[in-house]
Structure formats: C-alpha cells, structure tokens
Amino acid sequence: MDIVVDVNSWIRAAVGGAMIGLAAASLFAFNGRIAGISGVVGGLLFDRQHRDTPWRSLFVAGLVLGAAITALAVPGLAVVTMQSGWAGTILAGLVVGFGTRMGSGCTSGHGVCGIGRLSGRSMVATGSFMVAGVVTVFVTRHLLGAGS
C-alpha cells in the first residue's frame, strides 16, 4: 500500500486547529463559556428562559456561515460523501446526540476545551470517544466488511 502525503494538508490542519483553539479560548476568556457544540446547541434549543439565545445563535450561525464561506472560497477543499445514505446519517446523528447528553458533553467541549483546562473528567471522556471510534471502525470495516 502506497502512502501519499499532501504536504499542504498538515498546514491546513494546523491552521484549522489553531483557529478552533483561538475561537474556544476567546469564547471562554470573553464570555466565560465552553465552546462545546452540543452544549451550545442544547442550550439554544432547550433554554426556556432564553437568556443566552443571542450568543448561542451567533455561535451556531458562525459555524454554518464559516463552512459556507470556506466552501465557496476554496471549492473541493472538503468533499463529503455519505457512505450510509440519509437514513444512516440521521440515525448516527441521533445516537451521537444521545451520547453527548449521556456523557455531559461532546468532543469539542471535552476534547478541545476540557483537556485544555486539564479536566480529568474530560480526559476520561475524550479517551472513551477515541476508543469507541477505533472499535467502531475496526468492527464495521474489518469484521463486517462495510465502508471502504
């Protein structure tokens, strides 16, 4: 198996990671909030008092607009193909949503923000996410023969 390395891919990954880190640190520094996507969206959908609606709405809008602007500015940068179709994607999203509620956060909240704050709970949660992902890929691709 030949491994082809795109020299620019690590630069894009480093810049993207730095931007995520800067955004998470800025939200925490200026708003005292954790940039966990599931918490931000959950608060937007389920906060009955609507006290945090403005910043949560702007945060989610920034995610969507940032992706749209990037897709327009650099066509083909992130080509996505769904291997399971819409039904599988929706089911996977619901399972992930359930898991983020059960784990009190998602990979962005625990992995990016929690580890940065040296949270033991976030380190355990992120390790669990990683192990579950490795096991899932191994089972689906190597034992069940699904995917590519």
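Return the total of residues in segment 121-148 being modelled with pLDDT under 85 and in contact with a His (Cβ under 6 Å, 6 or more places away or on another chain).
Within segment 121-148, residues that are modelled with pLDDT under 85 and in contact with a His (Cβ under 6 Å, 6 or more places away or on another chain) number 0.
How many residues does segment 63-120 hold that are over 13 Å from the mean Cα position of the chain (by Cα), closer than 26 Å to T140 by Cβ and among the hydroxyl-bearing types (S, T, Y)?
Number satisfying all stated conditions: 3.
Considering each of L44, L27 in turn, give the residue that is in contact with a Ser or Thr (Cβ under 8 Å, 6 or more places away or on another chain), surrounded by 10 or more Cβ atoms within 10 Å (Cβ to Cβ) and assigned to a helix (DSSP H, G or I).
L44
All but one of (1) surrounded by 15 or more Cβ atoms within 10 Å (Cβ to Cβ); (2) within 24 Å of I115 (Cα to Cα) hold for M19; which doesn't?
(1)
Of the numbered conditions (1) hydrophobic (A, V, I, L, M, F, W, C); (2) touching a residue at least 12 places away in the same chain (Cβ under 8 Å); (3) over 26 Å from C113 (Cβ atoms), L72 satisfies every one except a single condition; which is it?
(2)
May I ask you to list the residues in segment 30-41 that are surrounded by 11 or more Cβ atoms within 10 Å (Cβ to Cβ), without any contact (Cβ under 8 Å) to a residue 60 or more places away in the chain and in a loop (DSSP other than H, G, I, E, B)?
R33
Looking at segment 42-54, is at least one residue touching a residue at least 24 places away in the same chain (Cβ under 8 Å) and within 15 Å of the chain's Cα centre (by Cα)?
There is at least one residue in segment 42-54 that is touching a residue at least 24 places away in the same chain (Cβ under 8 Å) and within 15 Å of the chain's Cα centre (by Cα).
Could you check segment 1-24 and list, in sequence order, the residues that are modelled with pLDDT under 80 and outside any loop (DSSP other than H, G, I, E, B)?
Listed by number, the residues that qualify are V7, N8, S9.
The values are calculated or read from the model by the stated rules, or taken from the named source; none is laboratory data. Note that this is a predicted model, so its numbers are computed, not measured. Virtual Cβ from ideal backbone geometry, glycine too; neighbours counted across all protein chains shown.
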